[in-house]
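Working notes, beginning with the structure itself.
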Amino acid sequence: MGSIEHDLNAVVATATSPDGRIEGRTESLQYRTLRFLHNSYERYYRSRDAELLAHQLGRVATLMAVAYQKARRDVMLAHGFERSSAMRPPFTSRHREYLERGATLAARGSSPGDEIQVTTTGLIAFEVSVAPGLERHDEQAFLRFADQAMNDLHADYQRVHTALRQELYRKYKGRAR
């Protein structure tokens with residue numbers, strides 16, 4: 001076991017969409033990649049089913065986030081950090097409020113031309129929309145749009161998360177609990 005920073009940076013989580021056609025991978029929340037399995041990109045568009053594709057992208061993003069959080073929690077526990085729970089609640093008001101409000105943080109992202117738009121709540125539940133006519137692009141172009149939308153979403157999430165942390169720091173600064 002290395003340092004906690006090293007171990008957190010080494011976390012890799014993968015997930016497959018419920019229909020088994022899209023695989024996602026996240027590495028330490030820095031890198032996210034998607035790929036289509038079994039020529040599924042063509043299958044989605046042969047049947048003109050952009051709505052199903054958007055739904056499956058949202059589900060694979062959700063499953064990736066859950067897998068990442070579980071792997072991250074395992075690293076934290078291995079390094080002696082305890083998880084807050086109903087049986088062992090946070091011991092400070094600031095931490096309690098951070099957990100409650102953090103679970104409801106909303107962020108959004110999109111590709112530059114709004115071809116793909118993504119929203120999240122708490123970086124756990126994801127919704128994806130795909131613009132009509134996107135089937136005229138090949139698989140690689142589609143994946144570039146998806147990557148751009150996810151990167152934009154994560155940048156927005158970092159912004160709102162940082163704002164929450166700063167707000168709570170100022171609110172509870174100097175308080176004992």
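The values are calculated or read from the model by the stated rules, or taken from the named source; none is laboratory data. Computed from a predicted structure; not experimentally measured. Every residue, glycine as well, gets a Cβ built from its backbone with ideal geometry; the counts of neighbours run over all protein chains shown. Remember, those area values only see protein heavy atoms, side chains included, never the ligands or the DNA or RNA. Shrake-Rupley method; radii C 1.70, N 1.55, O 1.52, S 1.80 Å.
A few comments on the model shown:
- For the range 1-124, accessible area per residue (1.4 Å probe, heavy atoms of protein chains only), Å²: 60
- Solvent exposure, largest accessible area first (probe 1.4 Å, DNA, RNA and ligands not counted), of 62, 33: 33, 62
- Estimated from the Cβ-Cβ distance and a Förster radius of 41 angstrom, the FRET efficiency linking residue 106 and residue 43 is about 0.80.
- For residue 167, the solvent-accessible surface with a 1.4 Å probe is about 70 Å², rounded to the nearest 10.
- For 60, 66, the ranking by accessible surface with the largest value first comes to 66, 60, using a 1.4 Å probe.
- Rounded FRET efficiency, nearest 0.05, which uses the C-beta distance separating residue 31 from residue 137 and R0 of 25 Å: 0.65
- For trypsin sites (Lys or Arg not before Pro), the sites in the range 50-156 that DSSP calls loop and that have at most 14 other Cβ atoms within 10 Å are 83.
- Note on the chain: with neighbouring protein chains present and a 1.4 Å probe, carbon and sulfur make up 50 percent of its accessible heavy-atom surface.
- Accessible area per residue was computed with a 1.4 Å probe on protein heavy atoms; residue 8 scores about 30 Å².
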